[in-house]
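My questions will all concern the structure given below.
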Amino acid sequence: MPKELWDYRQTAERLGVRIGTLYAWVHERRIPHIRFSGKFVRFDPEEIEIWLRTHAVPTPESASGQGRQR
């Protein structure tokens, strides 16, 4: 069974960005994608999830494992 790949719309929805932003990221090679030819681009959902996790910026609370101190 072939692996499911996302198009620009599906990927933009998952990331919560505009399609134009996603086009720019692909052009700048900032996000993993598969280019089959010229303008035919798809995204591997697993790679997008990995990309999201590796680009997360930890908050002080998550980095220390403690809640906010007052």
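The values are calculated or read from the model by the stated rules, or taken from the named source; none is laboratory data. Treat the numbers as computed from the prediction; the structure is a model and nothing was measured. Methodologically, a virtual Cβ is constructed for each residue, glycine included, from the backbone with ideal geometry; neighbour enumeration extends over all protein chains shown. Ligands, DNA and RNA are stripped out before the accessible areas are found, and what is left, the full protein with its side chains, is counted by its heavy atoms. Shrake-Rupley method; radii C 1.70, N 1.55, O 1.52, S 1.80 Å.
Name the residue that is farthest from L5 (Cα to Cα), counting only residues in segment 39-62 that are open to solvent by less than 60 Å² (accessible area, probe 1.4 Å) and outside any helix (DSSP H, G or I).
So in segment 39-62, the residues open to solvent by less than 60 Å² (accessible area, probe 1.4 Å) come out as 41, 43-45, 48-49, 51-52.
Checking the rest, the ones that are also outside any helix (DSSP H, G or I) come to 41, 43-44.
On the way: V41: 10, F43: 5, D44: 5 Å.
Within segment 39-62, the match that is farthest from L5 (Cα to Cα) is V41.
For a quick check of your reading of the model, give me the residue pairs whose first member lies in segment 45-61 and is on the phi < 0 side of the Ramachandran plot and in contact (Cβ under 8 Å) with a residue 40 or more places away in the chain, whose second is aliphatic (A, V, I, L, M) and surrounded by 10 or more Cβ atoms within 10 Å (Cβ to Cβ), with beta-carbon atoms closer than 9 Å and at least 6 apart or on different chains.
P45/L5; I48/L15; I48/I31
Return only the number of the condition from (1) at positive phi; (2) at pLDDT below 95; (3) open to solvent by 100 Å² or more (accessible area, probe 1.4 Å) that R29 does not satisfy.
For R29, the exception is condition (2).
Which condition does I19 not pass, out of (1) closer than 20 Å to R53 by Cβ; (2) open to solvent by 50 Å² or more (accessible area, probe 1.4 Å); (3) within 14 Å of the chain's Cα centre (by Cα), if it passes all the others?
(1)
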